[in-house]
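Here's the structure, in structure tokens; my notes come after.
The values are calculated or read from the model by the stated rules, or taken from the named source; none is laboratory data. Everything numeric here is computed off the predicted structure, so don't read it as measured data. Here the Cβ positions follow ideal geometry from the backbone for every residue, glycine too, while neighbour counts run over all protein chains shown. With ligands, DNA and RNA removed, areas are computed over all heavy atoms of the protein, side chains included. Shrake-Rupley method; radii C 1.70, N 1.55, O 1.52, S 1.80 Å.
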Amino acid sequence: MILPGRTLGMLGGGQLGRMFTVAARTMGYRVIVLDPDPDSPAGRIADEHLHAAYEDPWALDQLARDCAVVTTEFENVPAATLERLARDVPVRPSAKALSMTQNRIREKRLVCALGLATVPYAEILDEQSLAIAARAIPMPAILKRAEMGYDGKGQLPVHSRADLERAYETLGRVPCVLERRVDLDREISVVLARGLDGEIQCFPVAENEHRDGILFLSSVPARIAPELAARARRAAALIAHGLEYCGVLAVEFFVTTEGRLLVNEIAPRPHNSGHYTLDVCITSQFEQQVRMICGLPPGDTAALSPVAMVNLLGDLWAEGSPHWERLFADPRAKLHLYGKRTARPGRKMGHFCYVHPELDTARRRALEIHRSLGAD
Ligand code: ADP
Ligand code: MG
């Protein structure tokens, strides 16, 4: 076991790294963050911030020397970085698990190999596979680049063969998947933790609503049959086992209007839809990540109340600082800001949770407060 007093390494200094850093330091660990941004949200509150490139040999040597274990807050860490670190220090989750999830083609192949359902899709690697995909996938569809997409970026709607050609061109003729656009009843996600011994603990299933491809609202418990929630947890656990995963992992699912459960994507890290755990669960997803990578037993994942979480995007700052006094006026609203200095449209600046014993009230009040923040 890696116990308090030791040093943990975090690759990436965004909000996920920041909330991990808070959890780790609260538990008595030291944290070193590597992020090229001198002003990164996590770097500013870490014990040490290496502002260097992810490939910087000097920075990687220091991480390897000083850390008991290294983890990451995003899946796109260069493979060479992870390999260099793994020579001298445990990297959790592993480079192999990260590489499986940083590419939609590899990810979907894994999901299918495990016997789980995805949306109907086709791989596009060149002109020939594009022609095959166009015939195989009914329109409307969505073209997604295989790598480096997030928050709806790197994907385009497609309504015709001509659209598809244009979209492939726009995305830079890189490897892509073409997905059928399915009719969604709702979206749900499972955040779980898997330890070095292979034991798995799931957090309660969240129900997620997106706006413009970006998560807008998550609420717990998800308004689905207990049997469907159990199926989602089993599917997510199968994926975690398949990846021989160590750490916190999230699986996003679609529930179609026909009641089918489809795996959408896998995130090898704590997830936006798990932020609610900070305010209502015995153990947050960030504490759980610390526990997993340090080889500690998992904390209890029970939620003590229904909750609704709303993301705060940079758009809210258009007219200056949002009306926080309106949020603070309600004693059940819990604000989390990530300390980002510049607000841009679509940028995740923070989130808040609304904690209430009635789920409907939690959702309604969260929406009302969100609306009031930007209005005059
Ligand atoms: P990202 O990596 O940006 O989160 P996703 O693949 O999860 O990309 O897509 C973002 C959102 O777009 C999804 O959560 C969902 O709301 C919508 N979406 C994506 N793919 C489909 C699809 N095949 N059918 C219907 N909606 C989709
Ligand atoms: Mg997604």
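Treating the beta-carbon of each Lys and Arg as +1 and of each Asp and Glu as -1, no other charges, what is the dipole magnitude of the chain about its Cα centre, to the nearest 20 debye? Intermediate values should be presented prior to the final figure.
On the way: 45 positive and 47 negative charges, 57 e Å.
Rounded to the nearest 20 debye, it is 280 debye.
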GNM of the chain, Cα pairs under 10 angstrom: of Glu207, Glu252, Glu169, the biggest fluctuation goes to Glu169
Calculated from DSSP helices alone, with each H run of at least 4 adding -39500 (n - 2.57) and the total divided by the residues of the chain, [θ]222 nm to the nearest 500 comes to -9000 deg cm²/dmol
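How do Tyr354, Tyr54, Tyr150 stack up against each other in accessible area, from largest to smallest, with a 1.4 angstrom probe?
Tyr150, Tyr54, Tyr354
Work out the length of the dipole vector of the stretch 1-55 about its Cα centre, built from +1 on the beta-carbon of each Lys and Arg and -1 on the beta-carbon of each Asp and Glu, and round it to the nearest 20 debye. Kindly include the intermediate steps, with their values, before the conclusion.
Details: 5 positive and 6 negative charges, 63 e Å.
Magnitude of the dipole: close to 300 debye.
Checking the a/c ratio against 1.5 first, then a/b against b/c, what shape does the Cα gyration tensor give for the stretch 147-197?
Values: a/c = 3.41, a/b = 1.78, b/c = 1.91.
Note, shape of the stretch 147-197 comes out oblate.
What FRET efficiency comes out for Asp39 versus Arg109 if R0 is 41 angstrom and r is the Cβ-Cβ distance? Round to the nearest 0.05. Provide the component values of the computation, followed by the final result.
Values: r = 38 Å, r/R0 = 0.94.
Plugging the Cβ-Cβ distance into 1/(1 + (r/R0)^6) gives 0.60.
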For Lys334, counting only lysines whose alpha-carbon sits under 27 Å away and dropping same-chain residues fewer than eight positions off, the answer is Lys348
Looks like the chain, by Cα gyration tensor root eigenvalues a ≥ b ≥ c and the a/c under 1.5 rounded cutoff (else prolate when a/b is bigger than b/c, oblate otherwise), is rounded
Given Cβ charges of +1 for Lys and Arg and -1 for Asp and Glu, the option among Val182, Thr118, Leu171 whose Cα lies farthest towards the positive end of the dipole of the stretch 78-200 is Leu171
As straight-line cross-link partners of Lys108, the qualifying lysines (C-alpha separation under 24 Å, not fewer than 8 residues apart within one chain) are Lys96, Lys144, Lys153
Of Asp185, Asp35, Asp300, the most mobile residue in a GNM of the chain (C-alpha springs, cutoff 10 Å) is Asp185
Quick note, the stretch 144-237: a/c under 1.5 would make it rounded; otherwise a/b > b/c is prolate and the rest oblate (a ≥ b ≥ c, C-alpha gyration tensor); here it is prolate
Measuring from its Cα centre, the stretch 184-373 shows a charge dipole (+1 at each Lys and Arg Cβ, -1 at each Asp and Glu Cβ) which, in debye to the nearest 20, is 380
Rounded to the nearest 10 Å², the 1.4 Å probe accessible area of Trp324 is 40
Restricting to Cα pairs under 8 Å and 6 or more apart, the percent relative contact order of the chain works out to 14
